[in-house]
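Student: Handing you this structure, nothing more for now.
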Amino acid sequence: MSRAQEIGPPREQRAISFPELVRLRFVWRRRVTAAADGEDPTEEASAYYSALADFERDNGRIVNAYWCSETEAAVALTEKPRSRGPLKRFRSPLRRFHRVSDFATRKEPGIARMLHQCDELAIRAVEVLGGHNQRICMQLVMASSGHLLSLVDRPPPSEEKVRDALVAQHDDFSGAQRYYRQAANGEAQLVYFLGMVLGLGLLGGLYLAIGRWQNIAGVNEAHIVGCLTAGAIGALVSVIARINTGSFALNFDVAPGYTLFLGGLRPWIGSIFGLTIYFAITSGFLDLFKVPADPQERFYFLCVVAFLAGFSERWAQDTLTGGLGKRTGATASGPPAAAAESPKRTESASTDP
């Protein structure tokens, strides 16, 4: 007899949903409990473990789970290694949060609402976070959801204790939400900073490409390059300073490419403001500063002003608006005509200190 005949025909593999897996496990555990009465749970155990193998084949290994014993409800966390790509060993595994609890929580709307919040946080963690941040956040979600299910599996004896338990779980879940926001904002800051570095590199490449063509009579090329560079560096330093003080918040629930794009724009905005301030001073449009006559001191002075323009867009706009107001003859009785007609700018927490 061949080895294949000894093993028998191969088991048919099929897709198993998590609700079906929970059902099979619940039936098996009930049969195990009733085994003292002479019932044999072998058939149910075989069906459950076969379904478990099919489920883990498609979704990955179950690394954490809470199975209710009194009702058909459970939560589980699976991890599936990346199967494609040359860097799969360095990439985070695919993690998924699974839950079946609608029937168990039909009489507990507060618990059902918090479990739906766990679903939402798990989805955000998978889509936004990576590496150990995602793993920690998903385990926090698992801990909160498992504790919530325990309240419907074997509920406390009184409604007052249920409310107290819900308040405690709400505090724990709030901690998981805070961790997610901090971790997601930190990862978004890294992407934003990378975008700034790339934007600064593109800005330098653009100047090198057109630097030889730029030869206008009466224009000091060193001043232009210095102001462009100082404005871009000012924008870079502004973001770094705000990150160090913890006041730099980003919209992290967006695609990383968009955050990268916004970061790439930041040095360009700083350079444009720095160059605009330079043109305004040298053309006489702004007479708020006393420009040094010495060429070297003049260069340093213009670079400092351009740095300030890149560091603070608000200061640059107020300075330019002030010069425009003087040009249009503003009086104490009202704002300049141009300022009154221009729309108010909404400041962004991620672009201006």
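Student: What FRET efficiency would be calculated for the residue pair S174, A65, taking the C-beta separation as r and a Förster radius of 30 Å, to the nearest 0.05?
Tutor: It comes out at approximately 0.80.
Student: Which value, in debye to the nearest 20, gives the size of the charge dipole of the stretch 181-311 about its Cα centre, when Lys and Arg are +1 and Asp and Glu are -1 at the Cβ?
Tutor: The dipole magnitude comes to about 100 debye.
Student: Taking a label point 7 Å from the Cα of Q182 along the Cα→Cβ vector, which residues of the stretch 242-265 have an amide N closer than 14 Å to it?
Tutor: Inside the label zone: 246-247.
Student: Assigning unit charges at the beta carbon (Lys, Arg +1; Asp, Glu -1) and nothing else, what dipole magnitude in debye, to the nearest 20, does the stretch 94-208 show about its Cα centre?
Tutor: Rounded to the nearest 20 debye, it is 180 debye.
Student: Among K107, K80, what is the fewest-to-most ranking by other Cβ atoms within 10 Å?
Tutor: Arranged by neighbour count, lowest to highest, K107, K80 become K107, K80.
Student: A further question on this structure: Given R₀ = 45 Å, what would the calculated FRET efficiency be for V225 paired with Q139, taking r from the Cβ atoms and rounding to 0.05?
Tutor: My answer for the efficiency is 0.30.
Student: Further question on the same structure: What distance in nm lies between label points placed 7 Å from Cα along the C-beta direction at H147 and H132?
Tutor: 2.3 nm
Student: Which order results if S174, S101, S283 are arranged by neighbouring Cβ count within 10 Å, fewest first?
Tutor: Final ranking by Cβ density, sparse to dense: S283, S174, S101.
Student: I want to make sure I understand the PRE zone here: with the label point 7 angstrom from the Cα of R82 toward its beta carbon, which residues in the stretch 237-271 have backbone N atoms less than 17 Å away?
Tutor: Answer for the stretch 237-271: 256-257.
Rule-based calculations on the coordinates, nothing more; no lab input. Just so you know, these numbers come straight off a predicted model, no measurement behind them. Counting neighbours? That spans all protein chains shown, and the Cβs are built from the backbone with ideal geometry, glycine included.
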